[in-house]
1. Carbon and sulfur together cover what percent of the accessible area of the chain at a 1.4 Å probe radius?
2. Rounded to the nearest 500 deg cm²/dmol, what is the calculated helix-only ellipticity per residue at 222 nm for the chain, with -39500 (n - 2.57) per DSSP H run of length n ≥ 4?
3. Taking the chain as a Gaussian network, Cα atoms linked when under 10 Å apart, which of Ala117, Ala27, Ala256 shows the biggest mean-square fluctuation?
4. What dipole magnitude, in Debye to the nearest 20, does the chain give about its Cα centre under +1 on Lys/Arg Cβ and -1 on Asp/Glu Cβ?
5. May I ask you to list the residues of the range 137-172 whose amide nitrogen lies under 11 Å from a point 7 Å from Cα along the Cα→beta-carbon direction of Lys191?
6. Using Cα centres only, tell me the gap between the range 125-182 and the range 1-51 in whole Å.
7. Who wins for biggest fluctuation among Thr18, Thr41, Thr97 in a Gaussian network model of the chain, springs between alpha carbons below 10 Å?
8. What full-extension length gain, to one decimal in nm, is calculated for Glu167 and Glu141 as 0.36 nm per residue of separation minus the Cα-Cα distance?
Amino acid sequence: MKKWPIAIQVYTVDKEATADFEGTVRALKAMGYDGVELCDTYGGTAVQLRKICDEVGLAVVGAHVNLNEIEDDAILADYVAAGVKYIVIPHLKAPKTEEELVATIARIRAAGEKCKAAGAQLLYHNHDFEFQKINGKYILEHYYDEIPADLLQTELDVCWVNVGGEEPAPYVRKYAGRAPLLHLKDFTGVKSSNMYNLIGQAAVRDESAAKFDYRPVGYGKQDVPAIVAAAEDADVQWLIVEQDRCSMGRTALECAEMSVKYLKSFL
């Protein structure tokens, strides 16, 4: 098995990073992480955050940047100046009709062209709602089938692949050569209404035994070794831990440490 570099999506420890970005990334480095994926600039600039990460010894693997921000020349230029190679659309409202799908694809394609011209690569990070179908095909697959790989690559999130109804390992292999970054996210339970804190939908507490809940990697229902093996087959470059909400009575930093320790136990 290859020697895997492991990064973390900073949203996992967003509250801590908001309060003290430098202290938080130093803690992540001490845990054994090799890199971070940004989700915000925390009142500064991407260039400033990159300087901090360089001083700490963490690679800036990529950045989640909302599509409207990618379309803003100044914001995109900041990330490019920071040397961020992979610019990732974190989510988009799922189109409901063929007309909306065509418009969404056109907008993503334009963003991909903009990133390419600036020297960056656009990726898309899925949730489960892109596994709805239009004209008999998943919305997500429309994106990748209709936009060329030089304009759009994928950052598959294996939690949402699973919740969307597909087995993560074979789905990762489906995008071999087009998936430089992979989100490792573990969970328990089944699809429910308390999943989307990240994108502004209200959380609904569900205390049933089957409720959906995020877990540190290796502490949920995902077959993580099988997913990592698929990632090697697919030429994934970075494994990225993400946990949208802490759980198991642990803090976000404790959960982050549990994830990286689990991964390093067999990688």
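1. Taking all protein chains in place, the chain shows 49 percent carbon and sulfur surface.
2. Counting only the DSSP helices, I get -11500 deg cm²/dmol.
3. For the chain, modelled as a Gaussian network with Cα springs under 10 Å, the answer is Ala117.
4. My answer is approximately 500 debye.
5. So the set is 161-166.
6. Between the Cα centre of the range 125-182 and that of the range 1-51, the gap is 25 Å.
7. Top of the fluctuation ranking is Thr97.
8. Difference between extended and current length: 7.8 nm.
The values are calculated or read from the model by the stated rules, or taken from the named source; none is laboratory data. Given the structure is predicted, the values throughout are model-derived calculations rather than measurements. Cβ atoms come from the backbone with ideal geometry, glycine included; neighbour counts cover every protein chain shown. In case anyone asks, the SASA skips ligands and DNA or RNA and just uses the protein heavy atoms, side chains included. Shrake-Rupley method; radii C 1.70, N 1.55, O 1.52, S 1.80 Å.
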